Amino acid sequence: MTTTRRIENLIMTGLTCLGAAIWFFPIYWAFVTSIRSEDRVVSDEAGLIPDEFNLGSYIDALFNTQMLNWYLNSIVTSVVITVVVIISGMMCAYAISQLRFAGRRLLYVVVLGSFMVPTQALVVTQFILMDTLGAINTWTGIILPQLIVPVVIIVYKQFFDAVPKEMREAVVLDGGGEYSLLFRIYLPLNWGITTALAIVTFIMSWNQFFWPFLVVTTEDMMTIPVGITQVNDAFGVFYARLMSVALLGAAPVAIAYLIFQKRVTEAVMISSGVKG
Amino acid sequence: MSVRLTDVRKSFGGLDVIHGVSMEIPQGGFGVFVGPSGCGKSTLLRMIAGLEQTDGGKIEIEGRDVTAVEPADREVAMVFQSYALYPHLSVYDNMAFSLKLARAPKAKTREMVHEAARILQLEEQLDKKPAQLSGGQRQRVAIGRAIVRQPKVFLFDEPLSNLDAELRVQMRLELTRLHRQLGTTMIYVTHDQVEAMTLADRIFVLRSGEVQQAGAPLELYDNPDNRFVGGFIGSPSMNFLPARVSGSADGMITCSPEGGEGATQQVRLSGELPGEGAEVLLGIRPEHLRVVEGGLRVRVEVAEELGDVSYLYTRMPDGREIIVERHRSRENLDGATIGIEADPADVLVFDGDTGQRMR
């Protein structure tokens, strides 16, 4: 390795480490804050180094707030959204990719079009619709508008298009129908992308703040990101408790990400068009 | 008859690709569709399978009209060029797939898959995934999948074209053996006339969606109906020489090949003789040409010596190429100018305009 190359590497490593430190600092600070007592957090002596190990704010967050309820709400809504989005997206993509029917292209254009409409533009109509359905402050109200994820359809369609035609014909000759084709061939062949899409969908709906914040007004129906806003009370901000709720709320997603890191990266690259 | 096609037609978006094809393949026969790319041979096979709709005519399998019957109900099995194996399933599950779809009893499925695996020597491979197999083994799995269905007709769509030359020869022999062992009707599509000649008991030469000629391999080789069949069957292919009839008598005509500098070739014909001055096309197979004193003068450009056979790639003075096949010749003729001629009975005559055979 030449000296210039070595210096280049050193600079790049330094820059990357600096970037990582900037990115990591808020998480570190949240953690340090969460293990201090509320008094310590606001005292002048609180420095960068952890000087106290107090789990009081975690216990407080878990048992004196509705945190466990928020967990339940987040888990139920995210799981239902993930399952429904994946199954319906897959079936829709299969129809657009493999079946021949009038309006197929138009349907795909509509799917592509809906991809371009920001969720904020639909919020008022969706709120009125949920109100009409009596779904405000219910899981249904949180879930329904989040079931529209066109990117899942688009990604699945790309993958289904790539399955060789002969494979389909072999199944047809073997006596298989569309359901056999989808569930015995197309789905297992695309198992990798299915798990990747499921993880990304789960993380997206778990982190969703805007819509659940609008559709839920009672504390017991809130999801974790919305619940965090409730940790403050009339007497001010409880930093340690706020940070412990935030860390507890992010933990499941962070763990899921760590386990499925490779697949998530793959899904993000595929859905953003870096890799096809 | 096992498979009968009557005036079968197909068009894609207004373009006719199959123009009223009629043919018959007997029970237990091995029919081969051969022709250049785009001649409609694969389309015809897919129409028999039911993968393409038929726009006109009738397709019958063992006397039953299947023209409008769903592919799965036609009792045919197809082996694809790409094998179309299910990559996520084991060899066993690939072969058992159709039986599982039909909800066949497990014991029966196991018995049938093992029987097919035994025939194809795949017993050791049943637990493997297709990706772990060699090209030849994958091909056998694809055939095994077809055998398990116990079809009335096997359809093969260029199944050997993805294999290397050596394996192709081996699989060709295995297919012939398999055909004898099973005794089931087989229809095979290829663009390779060697495959057609070696496998078929009846060849259908197709061109632009029409059957040019149908018959036993040697019948097509010895007696082509037209220039296309003559040129397509046989390797190296038949030499064609435009010529003018300069004399005719007693069932013989004398022809002067174009650019032959006065050389003549006698041809024996059994039917009506063309008149003097008629433009014809002489078709002479490389093995029928002899090196002689006199005859048509050509220059040897390249001589390929293969031991028992040698091929002389020669050119006439006007640049036309003629291939001469010699057996057990040790004479080095590379670069030499030689004279060639054929026995009058071995020369085929085609109409200069239509390319139809004159007998």
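The values are calculated or read from the model by the stated rules, or taken from the named source; none is laboratory data. Keep in mind the model is a prediction, meaning the values are calculated, not measured. Heads up, the Cβs are rebuilt from the backbone with ideal geometry, glycines too, and the neighbour counts pull from every protein chain shown.
Miscellaneous remarks
- Selected residue (criterion: modelled with the lowest pLDDT) from residues of segment A:236-276 that are outside any helix (DSSP H, G or I) and at negative phi: A:G276
- Residue in segment B:38-50 that is part of a helix (DSSP H, G or I) and away from every other protein chain (no Cβ under 14 Å) present: yes
- Qualifying positions in segment B:51-81 - within 12 Å of chain A (Cβ to nearest Cβ), assigned to a strand (DSSP E or B) and either free of Cβ contacts under 8 Å to residues at least 24 places away in the same chain or farther than 20 Å from A:P164 by Cα (or both): B:V76
- One residue alone among A:V200, A:V152, A:V231 is touching a helix residue (DSSP H, G or I) at 6+ places or on another chain (Cβ under 6 Å) and either within 14 Å of another protein chain (Cβ to nearest Cβ) or modelled with pLDDT of 90 or more (or both), and that residue is A:V152.
- Pick from segment B:255-285, criterion of a type in the set (G, A, S) and within 31 Å of the chain's Cα centre (by Cα), ranking: surrounded by the most Cβ atoms within 10 Å (Cβ to Cβ): B:G283
- Given (1) under 21 Å from A:V163 (Cα atoms); (2) free of Cβ contacts under 8 Å to residues at least 40 places away in the same chain, index of the condition A:S114 fails: (1)
- Within segment B:160-174, residues that are modelled with pLDDT of 85 or more have Cβ atoms under 8 Å from residues that are β-branched (V, I, T) in these pairs: B:L160/B:T190; B:S161/B:T190; B:R172/B:T198, counting only partners at least 6 apart in sequence or on another chain.
- Hits in segment B:257-271 (condition: more than 18 Å from B:D343 (Cβ to Cβ) and free of Cβ contacts under 8 Å to residues at least 60 places away in the same chain): B:E261, B:G262
- Which numbered condition A:E38 fails, given (1) touching a residue at least 40 places away in the same chain (Cβ under 8 Å); (2) among the acidic types (D, E); (3) loosely packed, with under 10 Cβ neighbours inside 10 Å: (3)
- Taken together, the criteria exclude A:T4 from residues that are surrounded by 14 or more Cβ atoms within 10 Å (Cβ to Cβ) and either β-branched (V, I, T) or in a loop (DSSP other than H, G, I, E, B) (or both).
- Considered as a group, the residues in segment B:279-307 that are among the small types (G, A, S) and modelled with pLDDT under 90 include one that is nearest to B:M358 (Cα to Cα), and that residue is B:G295.
- Residue count for segment B:317-359, restricted to those that are of a type in the set (A, V, I, L, M, F, W, C), in a loop (DSSP other than H, G, I, E, B) and touching a Leu at 6+ places or on another chain (Cβ under 7 Å): 2.
- The condition (being among the basic types (K, R) and surrounded by 19 or more Cβ atoms within 10 Å (Cβ to Cβ)) is satisfied by just one residue among B:R64, B:R74: B:R74.
- The residue pairs whose first member lies in segment A:171-196 and is within 26 Å of B:V76 (Cα to Cα) and more than 11 Å from chain B (Cβ to nearest Cβ), whose second member is of a type outside the set (D, E) and surrounded by 17 or more Cβ atoms within 10 Å (Cβ to Cβ), and whose beta carbons are closer than 6 Å, counting only pairs six or more residues apart or on different chains, are A:L182/A:Y94.
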